[in-house]
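**Student:** To start, I am sharing the structure in question, which I have written as structure tokens.
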Amino acid sequence: MNQLSIRHLTGIRGLTRNDLDLIFQTAKGFKEVINRPIKKVPSLRDITIANLFFENSTRTRLSFELAEKRLSADVVNFSAGSSSVKKGETLVDTVNNILAMKVDLVVIRHPHPGAPDFLARKLDTVVVNAGDGTHEHPTQALLDAFSLLERLGDLEGKNVAIVGDIRHSRVAISNILCLKLMGANVRVCGPKTLIPKHIQTLGVEVSHDLDETLLWCDVANMLRIQLERQERGSVPYFPSLREYAMQYGLNNERMNRIDRPITIMHPGPINRGVEITSDVADSAHSIILDQVENGVAIRMAVLYLLTAKG
Ligand code: CP
């Protein structure tokens, strides 16, 4: 099959294994393109894409914009902070006004879970989710799996630990769904308060012991503590960042206790010294910058395949 089974990419949920293989195979070709002296191809000439960011972003936003430009699309960028959303305009009105300017595809990041699905139902245009609240971040999971395939060859039977703030993490949910489709064994690890109650229904193991988890895993994906989502009245999810780092932070001392190399990932942005120390984040075990590089190729593949479908 050389076509995706979906019209919109609102989550990993809904993708098939064939979809994943097609996206990875297409991204591989685009990765070659973006490493050539001439990094641009005309694939999306005459296609207009709007990047609608209702929440902050560095990597995802730049990566989508670069992917669109490498494919020769016309690009318009929208930030909620400097828009008429501040004057009370609704999401649908905002997006409909942008679409009236003849936009073919929208990439949306929004703080509310389900906002991309809502737009996909309401609008006659292709929608790509760039992260919606605590729900999903599908292109992050795709670039993570692609980076692991490059490093490990195959994910079937590999043990992948996702460590930290699972409760607030759209990256964790999308990664779990994607890794399970690829045949990996997935374990989430973190303090009880940061692990959602029914997470096992996604087919993952749960641990609260990082040192034991590091002995089990081939890959440790260290998630950011989402400081902006830690409010729950007067009771914090964990006593202090210092205590969190002692229990769940990845540092060289912990790495030295493992008898074999493991691959270290982080979706960014990193709280250095909290979930991971600089010596580990910048070590040869880390594929953090490969993840960022692969983000452009993966997003090129997604945009190309969705627009090719029409
Ligand atoms: N990984 C990720 O989504 O980073 P940004 O929030 O900077 O886009």
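**Student:** Mind telling me which of the residues 57, 72 ends up being of a type in the set (S, T, N, Q) and within 16 Å of the ligand (Cβ to nearest atom)?
**Tutor:** Details: 72 fails: within 16 Å of the ligand (Cβ to nearest atom).
Exactly one of 57, 72 is of a type in the set (S, T, N, Q) and within 16 Å of the ligand (Cβ to nearest atom), namely 57.
**Student:** So which residues in region 117-136 are under 15 Å from the mean Cα position of the chain (by Cα) and either within 21 Å of residue 301 (Cα to Cα) or more than 16 Å from the ligand (Cβ to nearest atom) (or both), if there are any at all? Before you say what the answer is, go through the steps one by one.
**Tutor:** Step one: list which residues in region 117-136 are under 15 Å from the mean Cα position of the chain (by Cα), which gives 128-136.
128, 129, 130, 131, 132, 136 - these are the residues of region 117-136 that are under 15 Å from the mean Cα position of the chain (by Cα) and either within 21 Å of residue 301 (Cα to Cα) or more than 16 Å from the ligand (Cβ to nearest atom) (or both).
**Student:** A follow-up question, please. Just one of (1) in contact with a strand residue (DSSP E or B) (Cβ under 7 Å, 6 or more places away or on another chain); (2) farther than 15 Å from residue 305 by Cβ; (3) exposed (fewer than 15 other Cβ atoms within 10 Å of the Cβ); (4) at pLDDT 95 or above trips up residue 7, so point out which.
**Tutor:** (2)
**Student:** If residue 50 passes every condition in (1) within 16 Å of the ligand (Cβ to nearest atom); (2) crowded, with 20+ Cβ neighbours inside 10 Å but one, which one does it miss?
**Tutor:** (1) is the only condition that residue 50 fails.
**Student:** What are the residues in region 154-175 that are out of contact with any Pro (no Cβ under 6 Å at 6 or more places or on another chain), away from the ligand (no atom under 16 Å from the Cβ) and not polar (S, T, N, Q), if any? Steps first, please.
**Tutor:** Taking region 154-175 as the starting set, the residues that turn out to be out of contact with any Pro (no Cβ under 6 Å at 6 or more places or on another chain) are 154-166, 168-170, 172-173, 175.
Remaining after also requiring away from the ligand (no atom under 16 Å from the Cβ): 154-161.
Selection gives 154, 155, 156, 157, 158, 160, 161.
**Student:** When you scan region 83-92, do you find a residue that is buried (at least 18 other Cβ atoms within 10 Å of the Cβ), under 18 Å from residue 125 (Cβ atoms) and more than 16 Å from the ligand (Cβ to nearest atom), even just one?
**Tutor:** yes
**Student:** Given the conditions (1) surrounded by fewer than 20 Cβ atoms within 10 Å (Cβ to Cβ); (2) over 19 Å from residue 305 (Cβ atoms); (3) in contact (Cβ under 8 Å) with a residue 40 or more places away in the chain; (4) touching an Asp or Glu at 6+ places or on another chain (Cβ under 9 Å), report the number of the one that residue 115 does not fulfil.
**Tutor:** Only one criterion is unmet by residue 115, namely (1).
**Student:** Okay, moving on. One residue is enough: does region 98-107 have a residue meeting the conditions closer than 30 Å to residue 32 by Cα, in contact (Cβ under 8 Å) with a residue 40 or more places away in the chain, within 16 Å of the ligand (Cβ to nearest atom) and in contact with a Lys or Arg (Cβ under 9 Å, 6 or more places away or on another chain)? Quick ask: steps written out before the conclusion?
**Tutor:** Residues of region 98-107 that are closer than 30 Å to residue 32 by Cα, as a first pass: 103-107.
Filter once more, so that each one left must be in contact (Cβ under 8 Å) with a residue 40 or more places away in the chain: 103-107.
Still in the list and also within 16 Å of the ligand (Cβ to nearest atom): 107.
So of that shortlist, the ones also in contact with a Lys or Arg (Cβ under 9 Å, 6 or more places away or on another chain) come out as 107.
Yes, that holds for at least one residue.
**Student:** Starting from region 53-70, keep only residues that are of a type in the set (Ser, Thr, Tyr), then list their pairs with residues that are within 12 Å of the ligand (Cβ to nearest atom) and modelled with pLDDT of 95 or more whose Cβ atoms are within a distance under 6 Å, requiring at least 6 positions of separation or different chains.
**Tutor:** Close Cβ pairs (under 6 Å, with a partner that is within 12 Å of the ligand (Cβ to nearest atom) and modelled with pLDDT of 95 or more) amount to 57/109; 60/130; 63/295; 63/299.
**Student:** Kindly indicate whether residue 122 is more than 20 Å from residue 308 (Cβ to Cβ) and surrounded by fewer than 17 Cβ atoms within 10 Å (Cβ to Cβ). Steps first, answer last, please.
**Tutor:** On the way: more than 20 Å from residue 308 (Cβ to Cβ): yes; surrounded by fewer than 17 Cβ atoms within 10 Å (Cβ to Cβ): yes.
So residue 122 fits the description; yes.
**Student:** I've got another one for you. Select from region 256-271 the residues that are more than 16 Å from the ligand (Cβ to nearest atom) and within 25 Å of the chain's Cα centre (by Cα) and write down the one among them that is surrounded by the fewest Cβ atoms within 10 Å (Cβ to Cβ).
**Tutor:** Let us first name the residues in region 256-271 that are more than 16 Å from the ligand (Cβ to nearest atom), namely 256-263.
Pick out the ones that are also within 25 Å of the chain's Cα centre (by Cα) and you get 261-263.
Numbers: 261: 10, 262: 18, 263: 19.
Of everything passing the filter in region 256-271, 261 is surrounded by the fewest Cβ atoms within 10 Å (Cβ to Cβ).
**Student:** Would it be correct to say that residue 79 is farther than 24 Å from residue 167 by Cβ and within 16 Å of the ligand (Cβ to nearest atom)? Steps first, answer last, please.
**Tutor:** Working: farther than 24 Å from residue 167 by Cβ: yes; within 16 Å of the ligand (Cβ to nearest atom): yes.
Yes; evaluated as a whole, the condition is true for this residue.
**Student:** Right, here's the next one. Run residue 162 past the list (1) surrounded by 24 or more Cβ atoms within 10 Å (Cβ to Cβ); (2) in contact with a strand residue (DSSP E or B) (Cβ under 6 Å, 6 or more places away or on another chain); (3) outside any strand (DSSP E or B) and report the number of the one that doesn't hold.
**Tutor:** (3)
The values are calculated or read from the model by the stated rules, or taken from the named source; none is laboratory data. Just so we're clear, the structure is a prediction, and the values are computed from it rather than from any experiment. With ideal geometry, Cβ positions are generated from the backbone for all residues, glycine too; neighbour counts draw on all protein chains shown.
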